[in-house]
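A short reminder: the numbers here are calculations on the coordinates, not readings from a lab. Bear in mind that the values here come from a model prediction, so they are computed numbers and not experimental data. Virtual Cβ from ideal backbone geometry, glycine too; neighbours counted across all protein chains shown.
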Amino acid sequence: MSSNGGVEPVTASIRAPGRSARGYALVSVATLLWSFAGLYVRAAGQDAWTTLAGRCLVGGTMLVADFALVHRRDLRGAARGLSGGGGPWLPLVAAAAIGAYVGGLVLTELARFMIVYATLPFVSGAFAWGLYGERPTGRAMSAALVALVGIAVMMAGPGGGAHWLGDALSAVSTIGFAGLLVAARHRAGTPMSLVNGLGALLCVPLGLAFARPVGLGAWQAGMIAWFGASTLYLAFRLYMTGVRDVPAAEASVVSAADSALGPLWVFLVFGETPSRATLEGGAIVMAAVLWQLIGGLADARRGAATAEP
């Protein structure tokens, strides 16, 4: 996607990483949309396989249809960005990340899922540094560490008993999404919306094969459909656009805000009062995210001022 109306560039050459206020804004909005994921899963009340199949069918179809509509004049040429440099494997990475995300969200405690997800800045930063030489800033890594401490505080509260499979899926999702994040930033010729759409659709047959819907009515189906449309289609489109103008480690620090916002939405809708540990840990996470966001925006403004003739 690009600044001219949100169309994803598929032939542009890789450009030097930079920062922009627009990029931070898009990443922040996508993070807000993702923060509702736990709320949608709870409202739907279905097993992981049913939720996975419904979410991926809706979100994946929307992503692929959007890509086809945008590039209808040269669909084959637009998709050519998947042909080289490991591109053909990216839909499989997306499928693993998307499938593991739903599985981890359903099968493990939310706090445990989030503490694994909080390692995303370290994983994406390591990928970007090792593959492309993008050195994360000291502020980004410090903010990531503070966010990790905050989620650890949340984790120390009442709860526990998470299943080992849920923890493992949380790790797979984190690693897979870190790979996609870095690819979106450094492989400007790769159509990431198509990658995510194909990855989601690859999950549908697996979800349908094991789905056991119980009490699936119009409300539950609607929640799952909106879960796919908002967090898979819209949030991915916004995030993968914004991350082209935000270093990988910094973008993933901003995205850690959903770990603090998620419990808030559950409290507002279902009346569940977060524990003291959740409130304290969430405050630490939000402080780290705001520190990184404000610093990143300041860097973007300084960079724009320097670039002016």
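Counting only helices (runs of 4 or more DSSP H) that fall entirely inside segment 74-158 and contain at least 1 residues that are touching a helix residue (DSSP H, G or I) at 6+ places or on another chain (Cβ under 6 Å), of a type in the set (A, V, I, L, M) and under 26 Å from TRP49 (Cβ atoms), the qualifying elements are 90-107, 110-117, 120-132.
Selection of helices (runs of 4 or more DSSP H) fully inside segment 21-73 by the criterion of at least 3 residues being in contact with a Pro (Cβ under 6 Å, 6 or more places away or on another chain) and surrounded by fewer than 17 Cβ atoms within 10 Å (Cβ to Cβ) returns nothing. Of the residues that make up segment 215-227, is at least one more than 28 Å from GLY295 (Cα to Cα), polar (S, T, N, Q) and under 17 Å from the mean Cα position of the chain (by Cα)? No, because not a single residue in segment 215-227 is more than 28 Å from GLY295 (Cα to Cα), polar (S, T, N, Q) and under 17 Å from the mean Cα position of the chain (by Cα).
Across segment 162-175, the qualifying residues are those that are among the hydrophobic types (A, V, I, L, M, F, W, C) and assigned to a helix (DSSP H, G or I), and the one among them that is surrounded by the most Cβ atoms within 10 Å (Cβ to Cβ) is LEU169. When segment 176-223 is filtered for residues that are over 30 Å from PRO136 (Cβ atoms) and either touching a helix residue (DSSP H, G or I) at 6+ places or on another chain (Cβ under 6 Å) or buried (at least 20 other Cβ atoms within 10 Å of the Cβ) (or both), the ones remaining, listed by number, are LEU201, LEU202, CYS203, VAL204, GLY207, LEU208, PHE210, ALA211, PRO213, GLN220, MET223.
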